[in-house]
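Q: One structure, pasted below without further comment.
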Amino acid sequence: MFNNSITPQSPSRVARSTMPSKIGGRLVSWDSARTGQRTACNSMIPSCLFSPETVRALAGNYCPSGSAAPVPCGAGRFSPFTNLTSENQCQDCPAGFFCPVGAPQPTPCSAGTYAASENSQRCTPCEAGTYQERQGSVTCVPCREGYYCEEGSVSGKQCPPATFGNTTGLDEASDCQPCPFGFYCPAGSTRDITACPAGSYGSPTASLSQLDQCVPCASPETSAEGSTECTRCIVGFFAHPLDVRPELECQACLPGAECPPNSNARNITLREGKWRLSSLSLDVYDCETKNNDFRTPCKGGDDAGVDGSGYCRDGHEGPKCEVCVNSSMWFDVREVQCVDCPDYRRNGAIFGGTLSFALIIFLIGYINTTRYSTSTRRKTKLEVILQRAYFRLLTLNLVPKLKLLIAFYQSVRTLPSVYDVGLPDEYDRYSSWFDWLGLDWTQLIAPGSCLDSGYAGRLLIRGLAPLGGMGAILLLYPIIAIIINKTKGDAGDPTPIKNNILQSINLVVFTAFCLVISVSTSIFSAWSCATYTDNSFEGTSRSFLREAPDIECGTTEHDEVKAVAYFLIAVWPVGMPILFIALLIPCREDIKHGKATKLARAVSFLHREYVETKYYWEPLFLVERLVIGGWLLLIPDRLAYIRIAVALLVCITYMATLMLLHPYKRPDIYLLATGSQFALVCVFIGAGATKIYDDLVEYNYACPLQDGEEVAKDIMGFSSSVDIVTVMLGFNFMVLIIFAGVTMFQSLTASSLPNVRLTATKQVPELTLRAGCIWHLFLSHIWSSGQDQVATI
């Protein structure tokens with residue numbers, strides 16, 4: 001390294017003196033030559049005549065032999081020594097320094113320049129994109145990130161605000177990159193730029209330079225770090241998927257679901273016992289639940305899977321997880337899980353055998369108890385007891401009352417299936433006492449989807465098997481009656497087969513009366529589809545049969561079910577009223593005039609309790625029951641309120657007609673009929689109120705903070721749907737109380753004295769006087785007995 005402190009050494013043989021020297025044609029002193037300051041002498045020397053021994057060469061110069069003046073070292077070379085005689089004695093200028101002509105020592109390159117090699121006569125400015133902070137440098141370094149360096153830069157300049165330098169070697173401000181949207185970049189920012197914090201966003205059109213330019217999101221919206229818009233929702237809210245709806249819309253979490261931060265419709269978490277059809281459905285449905293141990297087929301979660309199966313426990317799939325994956329299992333609603341299918345062939349044989357045996361025993365007892373015998377044989381004590389009990393029951397008129405009771409509860413049982421009314425568990429707990437009135441005997445043989453032929457086969461069996469049972473009654477009754485007559489020695493009728501068939505008609509009609517509503521409801525259930533939202537954003541939905549949720553409505557499989565249903569409609573909902581009318585029309589005149597013909601007695605089940613002129617009332621009553629229990633299922637599901645309104649209108653119309661025409665003979669039966677009809681009207685009003693209440697609770701209000709439960713309470717005036725159901729249960733039990741009260745009153749007040757009965761009907765004679773009549777006449781061809789009988793009357 002060279003610097004100004006270097007002192008040239010003089011040759012030893014030349015003594016220092018102050019004699020003047022001639023340099024460049026001027027006379028200078030040694031001292032001035034030594035110090036590098038040339039001073040003109042007083043007189044000019046015309047030529048260099050001095051020899052090297054007499055002329056001392058200055059530093060940075062050399063004097064060849066015979067030179068008239070010192071010769072400077074060339075550019076890029078220097079010499080700190082004096083008295084040099086040759087250019088070869090000049091030294092090379094080192095790298096990082098520059099040496100002009102005649103340089104006594106090298107000069108370091110200034111900051112912002114460099115000399116990369118030796119013998120440099122000048123320093124080179126740093127190229128654009130580089131800089132150098134130090135002197136005497138042999139190279140420049142690349143401009144660091146966040147800066148740009150123009151030519152000759154000492155330290156570089158910071159990238160302007162709202163830009164950043166993401167690499168080294170930038171040479172001008174335009175090389176700095178604009179700050180990405182959603183971030184902010186102060187001056188001199190590098191690639192480690194700072195994002196707008198979560199819960200705020202940056203402009204999507206302008207680069208930012210400081211934090212306070214990030215805009216906070218408006219609640220309940222939020223954002224991730226570095227966002228240009230608010231695309232997320234806070235806890236308790238979920239976002240509509242942006243690929244479905246481009247603008248963010250946060251909505252309060254769905255009922256029965258949980259919404260962690262950054263939830264959207266696809267990944268909200270359903271609670272246990274909840275289900276939905278797809279990840280784009282905003283409608284969450286309640287699954288069946290067994291309350292005592294909270295057993296449910298729906299596990300919930302955040303994965304919808306295929307058709308909602310992701311929300312189901314293992315072994316379950318389909319709507320509300322009520323379809324069994326294993327075809328050898330069926331979904332038991334009471335156990336709310338899939339259970340093994342029974343052996344329906346073995347169960348069918350057992351059920352058929354048991355039913356046949358019970359039917360034969362019943363027919364034997366019925367024939368023995370009710371059939372008039374011409375035998376003079378003394379009756380056994382058991383026969384006498386049974387006949388007295390039978391006649392005692394006849395005085396209570398239990399059959400008409402039981403008909404009204406069965407009709408009422410069969411109509412009430414249709415509320416969930418026909419009218420899509422979600423009744424609380426409290427209602428099911430108490431109304432389950434009357435489930436046997438549904439008479440769905442197929443559940444005992446092949447429940448659910450256990451039949452190989454599927455739901456269509458099960459529906460066909462349920463529609464045709466009762467017809468086989470009624471045919472068995474027509475076949476067995478005459479055979480058993482003939483056997484009993486011959487065993488007892490009765491002469492019998494001249495045409496026993498025909499008469500016995502006629503006598504069995506009442507049993508056949510009674511069977512049809514009990515089964516027609518339950519069978520018809522099953523038939524019309526082929527159109528009862530539960531609709532579930534598939535995509536709330538496109539407004540699409542899918543429907544599945546309520547009775548067979550593995551069958552999607554509108555498919556080929558559903559068309560097969562409907563084809564079976566069309567056939568059975570002709571047999572039951574249409575055929576049975578026609579059958580009742582067809583049985584009454586041939587004997588209508590006999591009924592109107594009170595004649596107890598064989599045919600009139602054979603169909604007495606249809607007209608016995610009615611005034612003679614109102615013999616047609618039973619088919620009319622049946623039509624009302626069929627409309628309520630089946631025909632209204634043809635109204636689409638989306639018009640469920642219309643179903644309830646029509647049912648209510650039908651009930652009110654029938655009740656008004658009942659009260660206007662007064663078709664019943666006995667006041668106690670009329671009281672039960674009007675009471676049960678009034679209760680049915682009230683139950684349907686309660687059902688409509690329950691559905692409105694539940695829909696108000698589940699409605700998606702525009703204001704996310706609006707509580708549907710509070711809205712329902714304010715509008716309906718009930719604290720919950722349980723209050724409405726409690727009133728409905730009250731009307732259910734009111735009918736039962738009326739039935740029990742009237743029957744008990746009659747039993748306690750009935751006379752225990754013998755009474756006269758008609759041998760044709762086994763009934764006490766109807767002694768109501770017609771208008772204009774004041775006496776009854778009893779005409780007997782045997783006066784001796786007639787006196788006693790008239791006295792009894």
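Q: Would you give the gap between the C-alpha center of the range 591-618 and the C-alpha center of the range 53-120, rounded to a whole Å?
A: Cα centroid of the range 591-618 versus Cα centroid of the range 53-120: 148 Å apart.
Q: Which net charge results for the neighbourhood of residue 116, defined as the other residues with beta-carbon distances under 13 angstrom from its beta-carbon, given Lys and Arg at +1 and Asp and Glu at -1? Numbers along the way, then the final one.
A: Values: positive: 122; negative: 118, 127.
Once positives and negatives cancel, what remains is -1.
Q: Counting residues in the range 562-667 as N, plug N into 2.2 N^0.38 Å and put the Cα Rg over that result.
A: On the way: Rg = 16.4 Å, N = 106, 2.2 N^0.38 = 12.9 Å.
In units of the globular-protein estimate, the range 562-667 measures up at 1.26.
Q: Continuing with this model, one more query. For the range 621-742, just list the percent of Cα-Cα distances falling in each 5 Å bin from zero outward, please.
A: Each 5 Å bin holds this share of Cα pairs: 2, 10, 16, 17, 18, 14, 10, 7, 4, 2, 1, 0, 0.
Q: Here's another thing I want to ask about it. Do the alpha carbons of any pairs in 401/498; 595/665; 290/691 sit beyond 20 Å of each other, and which pairs? Could the numbers behind the result be given before it?
A: Details: 401/498 30 Å; 595/665 16 Å; 290/691 22 Å.
Those over the limit are 401/498; 290/691.
Q: Now for a separate question. Take the alpha-carbon centre of the range 628-672, take the same for the range 194-225, and report the distance between them in whole Å.
A: Answer, in whole Å: 64.
Q: Using label points projected 7 Å from each Cα along Cα→Cβ, tell me how many nm separate residue 290 and residue 168, to one decimal.
A: 7.3
Only the coordinates and a few stated rules stand behind these numbers; no lab work does. These numbers come from a predicted model, not from an experiment. Please note: Cβ atoms are built from the backbone with ideal geometry, for glycine as well, and neighbour counts cover all protein chains shown.
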